[in-house]
Amino acid sequence: MEQNEQEKQFPLAAAVSLVILGIVFLLRNFGVLEINNWWALFFFVPVAYLLISAWTTFRAKEGRLTHETTSPIIGSLVLITVALVFLLELDWGSIWPVYMIIGAVAILLNSLAKEE
């Protein structure tokens with residue numbers, strides 16, 4: 001991916017993240033949504049960047065799944081899981097099998113990815 005494309009992705013990821021965070025905080029202020037670990041929402045800022053990066057790369061490769069596309073997807077799955085554990089106050093001792101599933105998804109995506 002070109003440097004110019006990456007420069008365009010950051011403002012988009014930042015804008016999407018800020019809009020989502022703003023909506024969540026607004027709902028929290030009006031009592032519609034109760035979140036104790038609100039700081040965990042900031043995990044979604046890099047998630048937005050990673051997913052936008054994966055989508056941009058996927059489109060640039062004409063719809064082909066490559067290793068350059070799968071890596072950000074796997075990274076975002078890990079960060080989403082961590083964020084949800086904190087947001088929903090889940091027990092790490094119960095949730096650890098999710099990382100085995102993410103590992104299996106990574107192996108599957110990488111086996112489907114085309115070499116360049």
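Just a few scattered comments:
- Screening segment 29-41 for residues that are assigned to a helix (DSSP H, G or I) and either touching a Pro at 6+ places or on another chain (Cβ under 9 Å) or at pLDDT below 85 (or both) and picking the one that is surrounded by the most Cβ atoms within 10 Å (Cβ to Cβ) gives LEU41.
- Selected residue (only one of SER17, SER94 is of a type outside the set (A, V, I, L, M, F, W, C), out of contact with any Gly (no Cβ under 7 Å at 6 or more places or on another chain) and at pLDDT below 90): SER17
- Every residue from segment 86-112 that is surrounded by 12 or more Cβ atoms within 10 Å (Cβ to Cβ), more than 16 Å from PRO72 (Cβ to Cβ) and in contact (Cβ under 8 Å) with a residue 12 or more places away in the chain: PHE86, LEU87, ILE95, VAL98, TYR99
The values are calculated or read from the model by the stated rules, or taken from the named source; none is laboratory data. Because the structure is a prediction, the values reported are computed rather than measured. Cβ: placed from backbone, ideal geometry, glycine included. Neighbour counts: every protein chain shown.
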